[in-house]
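Working notes, structure below.
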Amino acid sequence: MAQEINDAHGERISFERLVIAVKETLQRAGAAPEVAHTLALNCASCERDGTLSHGVFRVKGYVDSLSRGWADGRAQPRVESVGASFVRVDGANGFAQPALEAAQPQIADALEASGVAVIALRATHHFSALWPDLEPFARRGNIAMAMIASGKLAVVPEGATRPVFSTNPFGYATPVAGHEPAVFDFSTSSMSHGDLQLAAARGETVPPGTGVDGFGQESDDPAEILDGGGIRPFGGHKGALLSFMIETLAAGLTGGSFSFEVDTEAPEGAHTFRTGQLYIVIDPEWGGNGVYPERVRGFIDLLRESGMTRMPGDRRYANRAEAEALGIPVTDHIRQLIG
């Protein structure tokens with residue numbers, strides 16, 4: 001296993017060592033070895049690919065929820081196929097990634113039977129980005145999308161006097177012929193909660209329109225937005241309506257908690273939230289569309305030729321290649337983890 005690397009690029013750590021460090025930390029907090037491993041792969045992958053707001057930065061939140069007994073690190077998800085295309089998962093108050101992993105056989109059966117799998121997770125804690133969930137589906141040749149009723153009330157749309165939505169992220173992944181999958185996710189708020197916390201910790205301001213303070217006034221101070229204020233949806237009413245859609249699908253359809261219900265359940269100091277997630281996976285070859293990846297590649301080539309030189313995932317893949325060659329940069333959060 002590669003050791004830390006010190007060179008002109010600064011101190012680095014191997015992906016494998018980072019996975020072990022995160023896994024050991026989560027196991028000490030009460031997670032079962034297989035759960036800790038799944039979450040550690042997720043955190044380390046985010047860190048490796050430059051998604052720092054969802055990488056090692058999140059480990060403390062996992063530990064807090066586990067040590068308080070708020071999330072069950074040893075939960076056994078209950079998976080049932082309730083139709084040819086519909087898979088329902090009760091996460092039993094565990095984490096979403098192990099619950100999704102437990103449902104993989106039923107997802108494969110649904111794709112074989114009908115070309116579509118709708119996966120409704122409830123009573124699960126999702127505390128990461130969505131792209132690590134979706135990229136593996138695209139690498140297997142499938143189209144995948146996901147959405148989360150993400151938990152903490154944080155978003156104040158125009159006209160509202162208090163937060164009524166969470167950041168409610170949405171993700172999408174598609175295979176591309178001869179290229180890495182195109183994968184993206186985004187919160188329906190103007191900024192993710194994690195990025196806002198990082199900006200506050202660094203003492204930075206945020207762009208106008210990001211959020212409001214506790215008095216409902218526009219603010220560029222992330223600390224004011226986090227302390228009694230709220231984040232705005234991106235795109236005004238358009239982001240608010242997307243958030244509405246995600247709440248109805250990821251909470252209403254799955255049987256998970258709406259964001260307004262989550263805050264009433266969570267204990268003081270909770271960082272993860274027991275909510276619902278909806279995944280939709282499509283086999284594009286179903287019905288004879290075997291040329292789908294080539295068509296997407298042609299479309300992406302057109303976009304690049306038009307001047308859109310950066311496509312979804314490009315920066316992550318570049319960060320990944322650098323990390324695989326040199327190691328992952330050691331941040332303050334990683335230093336605190338490994339000692």
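Odds and ends about this structure:
- Expected 222 nm ellipticity per residue - DSSP helices of 4 or more, -39500 (n - 2.57), all of the chain, to 500: -11500 deg cm²/dmol
- Sorted by Cβ neighbour density within 10 Å, fewest at the top, the residues I328, I300: I300, I328
- Ranked by how many other beta carbons lie within 10 Å on average, peptides 106-118, 203-215 from highest: 106-118, 203-215
- Normalised by residue number, the volume inside the convex hull of the Cα atoms of the chain is 149 Å³ per residue.
- Partner lysines for K23 [C-alpha distance under 17 Å; skip if fewer than 8 residues away on the same chain]: K60
- Distance from segment 19-45 to segment 264-284 (C-alpha centre basis), Å: 19 Å
- Along its principal axes, segment 190-230 has C-alpha extents of 23, 17, 15 angstrom, given from the largest down.
- Computed from backbone phi with θ = phi - 60° and the Karplus coefficients 6.51, -1.76 and 1.60, the 3J(HN,Hα) list for segment 137-149 is 4, 5, 5, 8, x, 9, 8, 9, 9, 8, 8, 9, 7 Hz; x is used for glycine and proline.
- Listed peptides 242-252, 274-284 by packing density, highest first (mean Cβ within 10 Å): 274-284, 242-252
Each value in this text was obtained by applying a stated rule to the coordinates, not by laboratory testing. Keep in mind that this is a model prediction, so the values were computed, not measured. Methodologically, a virtual Cβ is constructed for each residue, glycine included, from the backbone with ideal geometry; neighbour enumeration extends over all protein chains shown.
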